[in-house]
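Values in this text are rule-based calculations from the coordinates and carry no lab data. Quick caveat, the model's predicted, so the values are computed rather than measured. Every residue, glycine among them, receives a Cβ derived from its backbone with ideal geometry; neighbour counts consider all protein chains shown.
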């Protein structure tokens, strides 16, 4: 099952949309600048250092600038998938339409939008793998479990018994 991991909405004015959602809902808004396409991140829940919510079932989102040449600029959800190309092929086979070519979002993963059979725009994200926390050099090594002695067979035990009785 592929979960919804993010939402997106278009904006005309980054400052205005940021002020609105901060004032109305208390969201933390962060303008990402020109290098990230003037995207504005919206933190709607407590998040870790990686920006992902710390509680299951919660998502954050973002706002993108409206552009005259982009299709389907409406609010949408972003669905995480293991393989972007496979998911795109499934969408097409199911009667949906992929919008454009996938793009890489630096530090996030592969992304592409699509339209479902009902005309709704949504998006796919193949997230980059999360880095596993590194063990501290001060951490004690885990004790290795002790190996149990091999179980002795009943036949071997009887043989030893007979030899000792002689």
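Here are the numbers for the structure shown:
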item	result
Virtual spin-label span in nm between residue 15 and residue 32, 7 Å along Cα→Cβ	2.2 nm
Simple spin-label estimate for residue 129 and residue 83 in nanometres, 7 Å along Cα-Cβ	1.6 nm
Counting DSSP beta bridges with both ends in the stretch 1-114, the antiparallel % (nearest 5)	75 percent
Alpha carbon convex hull of the stretch 4-131, projected area averaged over orientations, nm²	8.4 nm²
